[in-house]
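The values are calculated or read from the model by the stated rules, or taken from the named source; none is laboratory data. Please read these numbers as outputs of a predicted model, since none were measured by experiment. Positions of Cβ are generated from backbone atoms using ideal geometry, with glycine treated the same way; all protein chains shown enter the neighbour counts.
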Amino acid sequence: MPVLWLFLIVIALGAIGYFLGRQRALASAGGESRHLHSLPSYYGANAFLWAVAPALLLLAAWLLIQPLVIENRVSGMIPEEIIEEGSSRSLVMSDVRRVAEGLDIAVEQGAMTAEEANSLRAEATDIRELLGGVGVALGAEVRPEVLNAAQRYRALSSTGRWLMSGLVLVLALGGLGLAWARSDKAFRARNVVEASIKGLLVLASTIAILTTLGIVLSLIFNTVEFFRLYPALDFFTGLTWSPSFGGGSQLGILPLLWGTLYISLIALLVAVPVGLLAAVYLSEYASSHTRAIAKPMLEVLAGIPTIVYGLFALLTVGPLLVNAFGQEGLLGVAWMKGGTAVMTAGLVMGVMLIPFVSSLSDDIINAVPQAMRDGSLGLGATQSETVKQVVLPAALPGIVGAILLAASRAIGETMIVVLGAGAAAKLSLNPFEAMTTVTAKIVSQLTGDADFASPEALVAFALGMTLFVITLGLNIFALYIVRKYREQYE
Amino acid sequence: MTDLSANPAGGGAPAAKTGGSLYASDARTRRRNAAEKRFRIYGMIAVGIGLAFVVALLGVILVNGTRGFQQTYLTVPVYLDPAKLDKKGERKLEDIKKVSTFGYSPLIDNAIQKILADRGIDGTFEKPKEYRALLSASAAAQVRDYVLADPRVIGETVEFRLLASSRVDGYLKGRVTRESIARDKNISAAHLDLADGMLAAGLMKKTFNWAFITGADASESRPEQAGMGVSMLGSLFMMLVVLGLSLPIGVAASIYLEEFAPKNRFTDLIEVNISNLAAVPSIVFGILGLAVFIQFAHLPQSAPLVGGLVLTLMTLPTIIISTRAALKAVPPSIRDAALGVGASKMQSVFHHVLPLAMPGILTGTIIGLAQALGETAPLLLIGMVGYIASNYPDGIASGFLDPNSAMPAQIYEWAKRADPAYYERAWGGIIILLLFLMTMNIIAIILRRRFERRW
């Protein structure tokens, strides 16, 4: 792993720089650290930073940019006519990369020498067989143009690598030398080091922005790509969801949205009353002893991973509901055909959301000042009247916010619906029927073997975009409600 | 409250007018008291429902999962026939290697037939081949590996502990019944009778299943062989990535936002982003990982490194939020005192504030890690599912870069398979996963109790 080695060498250079810089600064002050501007370790750290930071930045930038540049150069080599019908330049390029990778592995395993790899002719040797022998399976015969491009790709990569190693090392040594030369008792090492540490802190905090940017860009690019292949109007208004990888699929989002909302609704119908009443009871009625036991117990539900709830829905709740509502069930109503249904997923998701609703409402109820309760009780209201007519109205904006947050959780939940809700996209009112959701379809469209250029796979990004916008909208709306209608006490 | 006093019509005439005793409550008071009691009971019921769900969930997990930790084994002395295994008789490894597992199966069949006859157990079959339904498909491979490891054993009779097939295993655990196998091609009621006989004779035994904890996943047809070990390693490598990246980045970001950041648009933008990221559904992070790390940066699919990167981005908001709370809890007097004796701002933060906030930061980090450990949805999109994690990684680099599964992904994979024998494994896997999460949470609680300071 040459990059790892390069990295370690740069770090080692930095460590050497630390001792050299520290020593030189001390020597310039005649061994008396009192005469230095900064503590000796700052001179060391200064040298370390100068040796490591520019070199590593260059390394990172090079690693990011080199593949793009090479890709560009090589893809220009592929003539238009070898790109087949139904294929694209990017597919041919992935062939090129695969062949280049295969050649690398072949050289590494000793199946051929580096010169042989560069002088191979597709007309003379069976590349596919050769690479198959070292464990790289190729889909089709290798064309001479592809092989040429792959060889060019390898050549460019290896020159790029050499150039990169050289420049990074030169930069590290240069930085080290510069910092060493500047290590003098009058040099304000601490200020420089602290400024660069602050730079690092700022860099770390921009990662949040970069993540959001990454999410938005990756969603937007692929969604636009999808809308180029499939009309946006059909996507947003279509009533059927039937993807078929052969083509001619109908990708209407409405059945999925309906399933998502229906399941979320059932989940909220379970979670909101139970969570809210539990929060009221625990904060207004329960003794501190009960509270100390019941509250953490309820919060156990929040700590359980969603895959566990998914399994619970699939293997326990589903069969239980079928026993009750299915054919030959206890109630003899035959409403339910299989274990996976809107009801199954909704109930289990409701259980998952109980602690979410109850702990949020608990915080909000506790924030209502005691004086208001005392006032109400003093006027002769019973405790429940106080709760219903004083505490809850005062806490209402917060509670609505909590419910909206719970709704956004329910809409974005994946594992429970993937396992518990079924796979058929339907527009139906029967809660005992299997339906599917936006998240479940994102998973199923992206985990198949479809290639990423087909509308059937790209639709997942459009679904993700819709999901992202809906949940973000709900969250912002929740915050807005809380801010706008919050009662300010004191 | 206001309508209570303003609306006496709803509650009937005031008590004073009736002239009754204060000791006897009137109808309206009784109604109000009944309403009070009802409301209280509703609250109790709600708490009760919540707790009942906790108990039911944990109970279902325990009842179904403990089965996964037991496995049925057959102890059979197998005669390693030289005529079958090494026809040339030269004991050359190449010759012995030519005999595939199909060559070993008859030896095991004969061995079972022999021991059944020796012990006088009824219900033997005509054809020795029929005994195969009792055993896992891995049995022949186990014997073959043993022989290949030391070819000198050929010709001897060696006692093997072989895995029983999942049907037999399920029968002894009560999952498979005679009715349920009526249409099963793989096994017949006669096999189950035989299993009863062998159990009574002590040839078949149910023991604790270490292989489930340490072993690798197996192909769809051999649930008896599947284990969690490899996916546990996958999770471990992912958590190393998450810890190594999210702790330094999260702490650095929190220090900047809490201690240095000026109040301006840029800071506001960061804050808004962090709080929004905390609410983004996890599947969207999976899409990000697929698009950025796999499609754009060409990192290897299914690799714990990529999983770790995605989970890092997911846990960062959690860690930043708890770290900021911990930094905020350190009183300003500490900072002032440090500045007063001549420390720079940076020194006051790194030498004084950060060490004091460390317990809180670690608690938040552990809780963030626990969340990341149980997260499944983003892993589905970066290809950590649908992959049979059957090989242990052979080194640190391969641990990060080679395809692997993770604990929750492995559980999901098992839950999707058709054979009900896998469900038992999935529940067992959940027990292991929950044990990890419990340990992490307990450590976090202990850290908080032990080191948290109230100022």
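As a summary of the residue check, B:G68 satisfies the conditions (1) over 29 Å from the mean Cα position of the chain (by Cα); (2) within 14 Å of chain A (Cβ to nearest Cβ) except for the one numbered (1).
Would you pick out the residues in segment B:185-229 that are assigned to a helix (DSSP H, G or I), among the small types (G, A, S) and within 18 Å of the chain's Cα centre (by Cα)?
Matches in segment B:185-229: B:A211, B:G229.
Across segment B:362-397, the qualifying residues are those that are away from chain A (no Cβ under 14 Å) and aliphatic (A, V, I, L, M), and the one among them that is farthest from A:S218 (Cα to Cα) is B:L362. Say whether the condition of being in contact (Cβ under 8 Å) with a residue 12 or more places away in the chain, touching a strand residue (DSSP E or B) at 6+ places or on another chain (Cβ under 6 Å) and assigned by TED's automatic domain parsing to the domain that holds A:N323 is met by at least one residue in segment A:425-433. The answer is yes, given that some residue of segment A:425-433 is in contact (Cβ under 8 Å) with a residue 12 or more places away in the chain, touching a strand residue (DSSP E or B) at 6+ places or on another chain (Cβ under 6 Å) and assigned by TED's automatic domain parsing to the domain that holds A:N323.
In segment B:18-58, what residues are β-branched (V, I, T) and facing chain A (nearest Cβ under 8 Å)? Within segment B:18-58, B:I45, B:V47, B:I49, B:V54 qualify. If only residues of segment B:378-401 that are in a helix (DSSP H, G or I) and in contact (Cβ under 8 Å) with a residue 12 or more places away in the chain are counted, the one that is farthest from B:F293 (Cα to Cα) is B:G399.
Grab the helices (runs of 4 or more DSSP H) fully contained in segment A:382-490, keeping just those with 2 or more residues being polar (S, T, N, Q) and more than 21 Å from A:G338 (Cα to Cα).
A:383-386, A:438-447, A:455-485
Residues that are without any contact (Cβ under 8 Å) to a residue 12 or more places away in the chain and crowded, with 20+ Cβ neighbours inside 10 Å were ranked within segment B:243-258; the one that is nearest to the chain's Cα centre (by Cα) is B:A252. Count of segment A:183-205 residues, restricted to those that are in a helix (DSSP H, G or I), more than 7 Å from chain B (Cβ to nearest Cβ) and of a type in the set (S, T, N, Q), is 2. Based on this model, can you work out whether B:A279 counts as within 17 Å of A:I209 (Cβ to Cβ) and either in contact (Cβ under 8 Å) with a residue 24 or more places away in the chain or within 12 Å of chain A (Cβ to nearest Cβ) (or both)? Against the criterion (within 17 Å of A:I209 (Cβ to Cβ) and either in contact (Cβ under 8 Å) with a residue 24 or more places away in the chain or within 12 Å of chain A (Cβ to nearest Cβ) (or both)), B:A279 qualifies.
Of B:L194, B:L233, B:L199, B:L240, which residue is surrounded by 15 or more Cβ atoms within 10 Å (Cβ to Cβ), touching a residue at least 40 places away in the same chain (Cβ under 8 Å) and closer than 25 Å to B:T66 by Cβ?
B:L233
For the criterion of being modelled with pLDDT of 90 or more, hydroxyl-bearing (S, T, Y), closer than 25 Å to A:V417 by Cα and assigned by TED's automatic domain parsing to the domain that holds A:G401, A:S358 passes. The condition of being crowded, with 24+ Cβ neighbours inside 10 Å and either part of a loop (DSSP other than H, G, I, E, B) or free of Cβ contacts under 8 Å to residues at least 60 places away in the same chain (or both) holds for B:N404.
Selection over segment A:432-455 of residues that are more than 11 Å from chain B (Cβ to nearest Cβ) and at pLDDT 85 or above gives a count of 5.
I'm trying to understand the selection: among the residues of segment B:272-292, which are within 15 Å of A:S408 (Cα to Cα) and among the hydrophobic types (A, V, I, L, M, F, W, C)? Of everything in segment B:272-292, those that are within 15 Å of A:S408 (Cα to Cα) and among the hydrophobic types (A, V, I, L, M, F, W, C) turn out to be B:L277, B:A278, B:A279, B:V280, B:I283, B:V284.
If only one of A:G310, A:G318, A:G303 is buried (at least 24 other Cβ atoms within 10 Å of the Cβ), of a type outside the set (D, E, K, R) and under 25 Å from the mean Cα position of the chain (by Cα), which one is it?
After applying the criteria, what remains is A:G310.
One residue alone among B:K345, B:K328 is away from every other protein chain (no Cβ under 14 Å) and more than 24 Å from B:M438 (Cα to Cα), and that residue is B:K328.
In segment B:119-133, is there at least one residue being farther than 26 Å from B:A189 by Cβ and of a type in the set (G, A, S)?
The answer is no; no qualifying residue exists.
Restricting segment B:399-455 to residues that are among the aromatic types (F, W, Y) and within 23 Å of A:E299 (Cα to Cα), the residue that is nearest to the other protein chains (Cβ to nearest Cβ) is B:W427. Please determine whether any residue of segment A:270-290 is within 32 Å of the chain's Cα centre (by Cα), surrounded by fewer than 20 Cβ atoms within 10 Å (Cβ to Cβ) and of a type in the set (V, I, T). Within segment A:270-290, not a single residue is within 32 Å of the chain's Cα centre (by Cα), surrounded by fewer than 20 Cβ atoms within 10 Å (Cβ to Cβ) and of a type in the set (V, I, T). Take B:G399 and tell me if it is crowded, with 22+ Cβ neighbours inside 10 Å, more than 30 Å from B:K328 (Cβ to Cβ), in the same structural domain as B:S333 (by TED's automatic domain parsing) and touching a Phe, Trp or Tyr at 6+ places or on another chain (Cβ under 7 Å). For B:G399, the condition - crowded, with 22+ Cβ neighbours inside 10 Å, more than 30 Å from B:K328 (Cβ to Cβ), in the same structural domain as B:S333 (by TED's automatic domain parsing) and touching a Phe, Trp or Tyr at 6+ places or on another chain (Cβ under 7 Å) - is not met.
Being facing chain B (nearest Cβ under 10 Å) and hydroxyl-bearing (S, T, Y) is the filter here, so list the residues in segment A:260-281 that pass it. The one that is facing chain B (nearest Cβ under 10 Å) and hydroxyl-bearing (S, T, Y): A:Y281. Could you check how many residues of segment B:353-383 are over 19 Å from A:E413 (Cα atoms) and not small (G, A, S)? Total satisfying the criteria: 13. Report whether or not B:Y412 is over 14 Å from the mean Cα position of the chain (by Cα) and at pLDDT 80 or above. So B:Y412 does not fit the description; no. Applying the criterion of at least 2 residues that are of a type in the set (A, V, I, L, M, F, W, C) and either crowded, with 17+ Cβ neighbours inside 10 Å or touching a Ser or Thr at 6+ places or on another chain (Cβ under 7 Å) (or both) to the helices (runs of 4 or more DSSP H) found wholly in segment B:73-172 leaves B:101-119, B:138-149. Of the residues screened, A:S38 is one that is farther than 30 Å from A:V92 by Cβ and touching a residue at least 12 places away in the same chain (Cβ under 8 Å).
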